[in-house]
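What follows is a short report on a single structure.
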Amino acid sequence: MAKVGILGSGDVGKTLAKGFLKHGYQVAIGSDHPEKLTEFKGENPQIETATFEQAAQSGDIVVLSVKGTVAEKIIEKVKQYLSGKTVIDTTNPIADVPPQNGVLKFFTNLDGSLMERLQKVAPDAQFVKAFNSVGSVLMINPDFRNNAKPTMFICGNNDDAKKKVYEILERFGFETEDMGKAESARAIEPLCMLWCIPGFLRNEWSHAFKLLKK
Ligand SMILES: NC(=O)c1ccc[n+]([C@@H]2O[C@H](COP(=O)([O-])OP(=O)(O)OC[C@H]3O[C@@H](n4cnc5c(N)ncnc54)[C@H](OP(=O)(O)O)[C@@H]3O)[C@@H](O)[C@H]2O)c1
């Protein structure tokens, strides 16, 4: 199995680290504040803890799960290790201001996504947007009524990288909808705003998107 290097010590990084481990991958999780991962390491001794650079270097596949406002800075720092690698981009461009009537504010607009910016910072990395439109507690084999499988919308410029992400999503219990090239992140990133509205308005956080087809 491939080795996965996770950049991010928040809920998404920790959840995906445990998910990849459960599915047989070797996992390293990176942070610039390793003390944040002490308890996690105690509970998950098989997961290696590392710096962002070490996690990026060690992964055959890299997962980016840092705060959106610092994503470009962190990719700049580790880009030398990302050449030719699939980078699963879970980030959302959420601005540092409160939501308005439950609607998050973004620091991007509809003519340019965060993932396109990241792809520019590290042109040799193969970014694939995924996992950004569902809460972290529903990322690994979520259990919905009637065994319904939620849809994960993905996009990216490299077809081999998207195939790898498709296989991961299948293991993690999702149907995958490939929405095309990196520009499609302009449409996929705002799904996070839609997903969060019931949470902010009514404290409902246990839903996921599904694309119905005839
Ligand atoms: N939470 C969810 O359910 C969810 C669902 C889908 C997508 N997302 C997206 O996934 C990403 C990760 O979300 P999260 O909730 O797991 O965690 P988060 O709190 O958004 O991000 C945590 C990570 O960001 C890094 N970070 C934060 N501020 C920083 C700064 N000023 N300089 C350098 N690094 C900084 C932290 O670094 P250190 O480790 O060094 O502290 C940590 O690794 C976000 O972009 C979020 O929008 C979240």
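The values are calculated or read from the model by the stated rules, or taken from the named source; none is laboratory data. For clarity, every value in this text was computed on a predicted model and none was experimentally measured. Quick reminder, even Gly has a Cβ in these numbers, built from the backbone with ideal geometry, and neighbours come from all protein chains shown. What goes into the accessible areas is simple: the full protein's heavy atoms, side chains included, and nothing from ligands, DNA or RNA. Shrake-Rupley method; radii C 1.70, N 1.55, O 1.52, S 1.80 Å.
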**Request:** Output the number of residues of the stretch 93-114 satisfying the condition of being in a loop (DSSP other than H, G, I, E, B), closer than 15 Å to S184 by Cβ and within 16 Å of the ligand (Cβ to nearest atom).
**Result:** 3
**Request:** Among what's in the stretch 25-49 and is hydrophobic (A, V, I, L, M, F, W, C) and more than 18 Å from A71 (Cβ to Cβ), pick the residue that is surrounded by the fewest Cβ atoms within 10 Å (Cβ to Cβ).
**Result:** F40
**Prompt:** Out of A71, A17, A2, which single residue is under 27 Å from D124 (Cα atoms), touching a strand residue (DSSP E or B) at 6+ places or on another chain (Cβ under 7 Å), more than 15 Å from the ligand (Cβ to nearest atom) and not acidic (D, E)?
**Reply:** A2
**Complete:** Taking the stretch 1-24 and keeping residues surrounded by fewer than 21 Cβ atoms within 10 Å (Cβ to Cβ) and at pLDDT 95 or above leaves K3, G10, D11, T15, K18, L21, K22, H23, G24
**Fill in**
So, first residue closer than 10 Å to M179 by Cβ in the stretch 143-156, second residue assigned to a loop (DSSP other than H, G, I, E, B) and open to solvent by 10 Å² or more (accessible area, probe 1.4 Å), Cβ within less than 7 Å, six or more apart or across chains; the pairs are F153/M179; I154/M179; C155/M179; C155/G180; C155/K181
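Within the stretch 162-176, track down each residue that is buried (at least 17 other Cβ atoms within 10 Å of the Cβ), of a type outside the set (A, V, I, L, M, F, W, C) and not in a helix (DSSP H, G or I).
If the condition is that a residue be buried (at least 17 other Cβ atoms within 10 Å of the Cβ), of a type outside the set (A, V, I, L, M, F, W, C) and not in a helix (DSSP H, G or I), then G173, T176 are the ones that fit.
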**Complete:** Of R117, R145, the only residue that is surrounded by fewer than 23 Cβ atoms within 10 Å (Cβ to Cβ) and under 16 Å from V70 (Cβ atoms) is R117
**Request:** Determine, yes or no, whether D111 is open to solvent by 70 Å² or more (accessible area, probe 1.4 Å), among the charged types (D, E, K, R) and either at pLDDT below 95 or closer than 29 Å to H207 by Cβ (or both).
**Result:** yes
